[in-house]
Amino acid sequence: MATARAALAAPALYPAGTTTVAVIAPQASSGYPDALARRGRETVAVTLGSDARPPAYRSVADNQAYTDVIEYDGDLRRTVKKLRTAGVEAIVAASPAGVELAERIAWQLCLPSTGIPGSAQLRTDRGAQASALSRAGVAVPRTLRTTSLAEALEWTDCHQASAYLLSSAAVGVPAGPINCHTEQQITSAWPQIQQAAYHHSGDASLVLRELVEGRQYVVDTVTQLGPDGPRHAVTGIWAHHHAPTGLLDRTDLLHRHGLLARRLSLYVCRALDTLGVTSGPLSCHVAFEPERGPVLLSASVVTHRSRADEAVWKITGRDPIDAHLDGAFFAYRSSRDSTGCRVARIYVNAPQGEVPWPGLRGELAALPTAVCVSADQHSCIASDGFPSFDGEACEIVLAHAEAEAIETDYRHIRALMEMFTAISTTDCSSTAVPFI
């Protein structure tokens, strides 16, 4: 635990050179101004105009620590001119809604971008990704992208499977995915998922795919454009563990050595080539099927910053924002294994009723291996698997050199949650809750 806490406390060494960073489509309280200020950078926000923003988009205020706030009104040339005048030397997409615009602006400014403008769907849309990978002969689940429920039901008649997964086509939508075993379940879930998809992305398209069996992983990557083309590097592999209910229980950081890590890395690098990734950090959600091997479920540009994300990145020394500031320096740091700490991210749901949730949070934060307790459920590492909670979601980051220390605290967390859930169910008052 001392290693993890030292990593969090130690000042990071950041490369010099970039003075002003354009943050594209940030939302309120995105965390980017503070993160860049700690690196000695000034930030200019480019917000989306009313015609371009999804309904759920919450624009930043003029006083939110940005040097300047520029609203993109559809005139790309004027926006680029303002950013060039501001001396912008790096472009960061701060939300899924900003990925396409970030790529177009970076291209105009001759700066590194995630991909070639005009192909952003390959990095923001599950359906487009599955189609492109399938055409290239890269293994993916059978997938349909559509806005029509009737078309989806007809597709299931032609593509029989034991179960299907229904989700938004756009990545970064917090609703879903939902497992569906029957046409009735698809029909029932469709309106809710479609409404959420449009609300958060402005696109009502959904993706229906066959349910993939096998362990799931998130593979974090960074790409640097070199003289011979894009060079991809794996910076972290996280194993998903699900509860018997099917909800995500925890994710564990794996060592990047061994046969499994190599197979995942080779597959993901091939997928990134197919998706046209040229620069920057991406996370790939992958399932490993015993018969087919790795199959991509989704790939997304890393845009979100939760407290839990930042805690993990501080421990591992691999904050994606550094890839935008100096790709070569970041790739060098990422080529080495992390501090030796084992890291786990535990997901819990706040119990309902008269339970003292703030007190429970304090109990969780006091665990010997706990380095962060965050109530922000939209973590990029678990973006495709985080359960949809009725109560307040909470994520606990545990880190320690010894695996058993983490497992001890993990068991303690589950015991706490079972006790508080039982108390909540029986409607006990908060004053009668004994902490253990």
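The values are calculated or read from the model by the stated rules, or taken from the named source; none is laboratory data. Please read all numbers here as calculations on a predicted model, not as lab measurements. Neighbour counts run over all protein chains shown; Cβ positions are idealised from the backbone, glycine included.
Things worth noting here:
- Residue pairs whose Cβ atoms lie under 7 Å apart, separated by 6 or more positions or on different chains, with the first residue in the range 152-167 and part of a loop (DSSP other than H, G, I, E, B) and the second buried (at least 21 other Cβ atoms within 10 Å of the Cβ), are A163/C180.
- Residue within the range 49-63 that is under 19 Å from the mean Cα position of the chain (by Cα) and either within 16 Å of A323 (Cα to Cα) or of a type in the set (D, E, K, R) (or both) present: yes
- For the range 305-323, the condition of being modelled with pLDDT under 85, within 26 Å of E103 (Cβ to Cβ) and of a type in the set (G, A, S) holds for at least one residue.
- Failed item in (1) crowded, with 20+ Cβ neighbours inside 10 Å; (2) over 25 Å from A52 (Cβ atoms), with S113 passing the rest: (2)
- Just one of the listed residues (L166, L153, L122) is within 19 Å of A196 (Cβ to Cβ) and at pLDDT 95 or above, namely L166.
- Count of the range 44-82 residues which are within 19 Å of W107 (Cα to Cα) and not charged (D, E, K, R): 11
- Only one of the numbered conditions (1) touching a Ser or Thr at 6+ places or on another chain (Cβ under 8 Å); (2) over 30 Å from G280 (Cβ atoms); (3) surrounded by 14 or more Cβ atoms within 10 Å (Cβ to Cβ) is not met by H200, and that is (2).
- The range 99-142 holds helices (runs of 4 or more DSSP H) entirely within its bounds, and those carrying 1 or more residues that are among the aromatic types (F, W, Y) map to 99-108.
- Restricting the first member to the range 210-221 and to residues that are more than 16 Å from L248 (Cα to Cα), and the second to residues that are basic (K, R), the beta-carbon pairs closer than 8 Å and six or more apart or on different chains are E210/R142; D220/R318.
- Enumeration of residues in the range 30-51 that are surrounded by 14 or more Cβ atoms within 10 Å (Cβ to Cβ), in a loop (DSSP other than H, G, I, E, B) and of a type outside the set (D, E, K, R): S30, G31
- Pairs meeting the criteria (first residue in the range 303-326 and among the acidic types (D, E), second residue not in a loop (DSSP other than H, G, I, E, B), beta carbons under 6 Å, at least 6 apart or on different chains) are D319/W313; D322/F330.
- Every test in (1) in contact with a helix residue (DSSP H, G or I) (Cβ under 7 Å, 6 or more places away or on another chain); (2) closer than 26 Å to V222 by Cβ; (3) in a loop (DSSP other than H, G, I, E, B) is passed by P54 save one, and that test is (2).
- Residue check for V234: closer than 18 Å to L144 by Cβ and either of a type in the set (V, I, T) or not assigned by TED's automatic domain parsing to the domain that holds D157 (or both): no
- Filter result for I193 (touching a helix residue (DSSP H, G or I) at 6+ places or on another chain (Cβ under 9 Å), free of Cβ contacts under 8 Å to residues at least 40 places away in the same chain and not in a loop (DSSP other than H, G, I, E, B)): no
- Residues that are among the basic types (K, R) and at pLDDT below 95, drawn from the range 406-432: R414
- Any hit, the range 181-189, residues being outside the structural domain of P55 (by TED's automatic domain parsing) and touching a residue at least 40 places away in the same chain (Cβ under 8 Å): no
- Failed condition for R142, given (1) in contact with a strand residue (DSSP E or B) (Cβ under 6 Å, 6 or more places away or on another chain); (2) closer than 21 Å to D203 by Cβ; (3) surrounded by fewer than 19 Cβ atoms within 10 Å (Cβ to Cβ): (2)
- From the list A375, A393, A366, A403, the one residue that fits, being over 21 Å from L248 (Cα atoms) and modelled with pLDDT of 60 or more, is A366.
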